[in-house]
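The values are calculated or read from the model by the stated rules, or taken from the named source; none is laboratory data. No experiment lies behind these values; they were computed from the predicted model shown. Here the Cβ positions follow ideal geometry from the backbone for every residue, glycine too, while neighbour counts run over all protein chains shown. Each accessible area value is taken on the protein alone, full model and side chains, heavy atoms only, with ligands, DNA and RNA left out. Shrake-Rupley method; radii C 1.70, N 1.55, O 1.52, S 1.80 Å.
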Amino acid sequence: MATLPEIRTHSSHTQLAATSHDAVVAVYAASADVLALSQAPYASWAAAAAPFRQIDKDFGKTIALIPAPSVGGSRLVLSPIDSLDDDTDDVRKIFDAVKGGVARAIEAGARRPAIHLSPLPAAANTVPDADYSRWVEMALLAALDASY
């Protein structure tokens, strides 16, 4: 009988370097959310990503796996969410970004990925008829879908 993956929540970024995780999947709406901040742990993530930003013009627009010693397993998967400010955008974009990021981590050999969700941009809440009230739950369902 198959068992469900263990799900834990963390209130501190320092726990993302724990050995209980073998990858970190960072899901963000803009590359500035993760890579331009100078506070920990983002500074180490930005330093790990810098060489890739210089050689790949699509970096920050597509899912990227980069080596990062500051996270468990030294695997950092950056998974961008496309724009959330168009009238046809909805929570499925978050689902797709999380599912793609977790799937990439699993392809790289991860078995216990942690997921870091950056806050949604304020513009996402200004789109008429957009409902992002359950976006965290959708992210969890996407991670479970990718691991199935």
### Summary
Between Thr88 and Ser133, Cβ-based FRET efficiency (R0 22 Å, step 0.05) works out to 0.75
### Query
Protein chains only, probe 1.4 Å: how do Ile81, Ile55 rank by accessible area, largest first?
Ile55, Ile81
### Query
Taking R0 as 30 Å, what's the FRET efficiency between Arg111 and Ala43 from their Cβ-Cβ distance, rounded to 0.05?
0.65
### Message
In Å and on Cα atoms, what radius of gyration and Dmax does the range 55-148 show?
### Response
13.9, 42
